[in-house]
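Novice: Got a structure for you, written out below as structure tokens; questions coming shortly.
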């Protein structure tokens, strides 16, 4: 299959969140399965720094309203992986992977991907109208006979729309199927209706069934209507976005298209997140030889001058915001510290939560540690050196931190929502008996429910060491590799081609 994979960010060239990691790992695994994969992404300033040797292949111009904006297509000089590409599946023909950058300094040569400290860039609509138009034009210029376009999030949502409208009579394009993946429905690509002329689409498409949304236009809605198949990042999230609580006003449309919607959970890149081979750890380890994890815990404590004792280390990694459950932590942290635990937090976010954690660290320097930064090496150390990963998110479409924690023998404590509901098996007598228990879940979004779940976890950690080791082992033996997800996506692609 010849696949165009379009993402507004791709690690290591650009990154603001988990989408960049998906766009790094999934295309490589699809190529290993024998598919030909071409990744399109903007040539941001960060991408220029990461790959200054990218080679110009073609030039053209894309319409944005009444303007014709020049683009340059660059071929990346490296694969998206710092490590070697994955081994191909011996049962499949060898595939290929190429990354193309869409260059336009006026739109993409900026410090931030989507905005600055002052907020989203005011020309966001123009930037990604251009990007979608330029991707399609570049494919035409290169005479690329793609079977399918896989597009991600609102920044790429116009591609399925244009393939059904502007490019509907272009021979190469009209045969292509489209798959659109929703990573977070909260970001709908909303713009005022006066921006509609930028899209170069007839006004007849600005209607409540296509792209109009409460008087504004939603680029993402256009993809929900026009893509052949829709996916999102977990089966539970696929159900949640069909409800008023998580649908952001699009739940009716998604329920109407539920036969074309499926959820596929994220994987983890096992070339990067693997305790057997992780060069960022002070000691490696495995299910067969787990001793290195104790060393990682000792080094983590030494890093922050925490007490070296028998208490549990509870780690938190990610954005320090209420959506990630930090409002629950703020309500209950004094009670948490009455338990036999130490707390290590890595991330950035809301000032009120950071100030609270700073005060707690000052008052409890041997028990509370914080690092308000994005530090990849420290994230690996916390995943390996913690006993429990606390991830009490109010809203979590998929998430990867809990998957990484399980791979590192650190049982996660999560709220039963989105991806965590699909991937963490709660510790119960039944799941312990059948060897499926991998972590701890709570349902009600309250501080009391979180604390009760934490008490369950600490009771096992402190009083049942053999049971704890079994939970760790069962988590480490789970297969969250992207290879399995790539197989699932390939099946989705086949369905999209059949529908097309």
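Novice: Here are some conditions: (1) modelled with pLDDT under 95; (2) more than 17 Å from the chain's Cα centre (by Cα); (3) assigned to a helix (DSSP H, G or I). Residue 253 meets all but one. Which one does it not meet?
Specialist: The one condition residue 253 does not meet is (1).
Novice: Determine if segment 161-180 includes at least one residue that is in contact with a strand residue (DSSP E or B) (Cβ under 8 Å, 6 or more places away or on another chain), touching a residue at least 24 places away in the same chain (Cβ under 8 Å) and exposed (fewer than 14 other Cβ atoms within 10 Å of the Cβ).
Specialist: For segment 161-180, residues in contact with a strand residue (DSSP E or B) (Cβ under 8 Å, 6 or more places away or on another chain), touching a residue at least 24 places away in the same chain (Cβ under 8 Å) and exposed (fewer than 14 other Cβ atoms within 10 Å of the Cβ): absent.
Novice: Condition first: buried (at least 19 other Cβ atoms within 10 Å of the Cβ) and either over 19 Å from the mean Cα position of the chain (by Cα) or without any contact (Cβ under 8 Å) to a residue 60 or more places away in the chain (or both). Now tell me which residues in segment 211-222 satisfy that.
Specialist: Listed by number, the residues that qualify are 211, 213, 217, 218, 219, 221, 222.
Novice: Can you go through 457, 437, 417 and tell me which one is buried (at least 19 other Cβ atoms within 10 Å of the Cβ), more than 23 Å from the chain's Cα centre (by Cα) and closer than 24 Å to residue 263 by Cβ?
Specialist: 437
Novice: So, residue 192, is that one surrounded by fewer than 17 Cβ atoms within 10 Å (Cβ to Cβ), more than 23 Å from residue 139 (Cα to Cα) and over 29 Å from the mean Cα position of the chain (by Cα) or not?
Specialist: For residue 192, the condition - surrounded by fewer than 17 Cβ atoms within 10 Å (Cβ to Cβ), more than 23 Å from residue 139 (Cα to Cα) and over 29 Å from the mean Cα position of the chain (by Cα) - is not met.
Novice: Quickly run through segment 7-37 and pick out the residues that are buried (at least 23 other Cβ atoms within 10 Å of the Cβ) and within 17 Å of residue 497 (Cβ to Cβ).
Specialist: Passing the criteria: 30, 35, 37.
Novice: So, one more: Consider residue 474 against the criteria (1) in contact (Cβ under 8 Å) with a residue 60 or more places away in the chain; (2) in contact with a helix residue (DSSP H, G or I) (Cβ under 9 Å, 6 or more places away or on another chain): it satisfies all of them except one. Which criterion is unmet?
Specialist: (1)
Novice: Sticking with this structure for a sec: Looking at 229, 233, which is the one that is assigned by TED's automatic domain parsing to the domain that holds residue 19 and either surrounded by fewer than 22 Cβ atoms within 10 Å (Cβ to Cβ) or within 17 Å of the chain's Cα centre (by Cα) (or both)?
Specialist: Exactly one residue qualifies, and that residue is 233.
Novice: So, one more: Anything in segment 409-429 that is out of contact with any strand residue (DSSP E or B) (no Cβ under 9 Å at 6 or more places or on another chain), in a loop (DSSP other than H, G, I, E, B) and in contact (Cβ under 8 Å) with a residue 12 or more places away in the chain? List them, or say none.
Specialist: 409, 417
Residue-wise test of (1) in contact (Cβ under 8 Å) with a residue 60 or more places away in the chain; (2) within 22 Å of residue 496 (Cα to Cα).
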| residue | (1), (2) |
| --- | --- |
| 185 | yes, yes |
| 188 | yes, no |
| 194 | no, no |
| 206 | no, no |
| 232 | yes, yes |
| 243 | no, no |
| 246 | yes, no |
| 256 | no, yes |
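Novice: Right, another one. For the subset of segment 385-414 comprising residues that are closer than 18 Å to residue 297 by Cα and under 15 Å from the mean Cα position of the chain (by Cα), which member is surrounded by the most Cβ atoms within 10 Å (Cβ to Cβ)?
Specialist: The extreme case among them is 402.
Novice: Considering only segment 74-83, state which residues are out of contact with any helix residue (DSSP H, G or I) (no Cβ under 9 Å at 6 or more places or on another chain) and not in a strand (DSSP E or B).
Specialist: 77, 82, 83
Novice: Mind listing whichever residues of segment 460-470 are more than 16 Å from residue 285 (Cβ to Cβ) and in a helix (DSSP H, G or I)?
Specialist: Residues satisfying the conditions are 460, 461, 462, 463, 465, 466, 467, 470.
Novice: Moving on. For segment 126-137, which positions are surrounded by 24 or more Cβ atoms within 10 Å (Cβ to Cβ) and touching a strand residue (DSSP E or B) at 6+ places or on another chain (Cβ under 7 Å)?
Specialist: 129, 130, 131, 133, 134, 135
The values are calculated or read from the model by the stated rules, or taken from the named source; none is laboratory data. Model, not experiment: these values are computed from the prediction. Don't worry about glycine lacking a Cβ; one is built from the backbone with ideal geometry, like all the others, and counts go over all protein chains shown.
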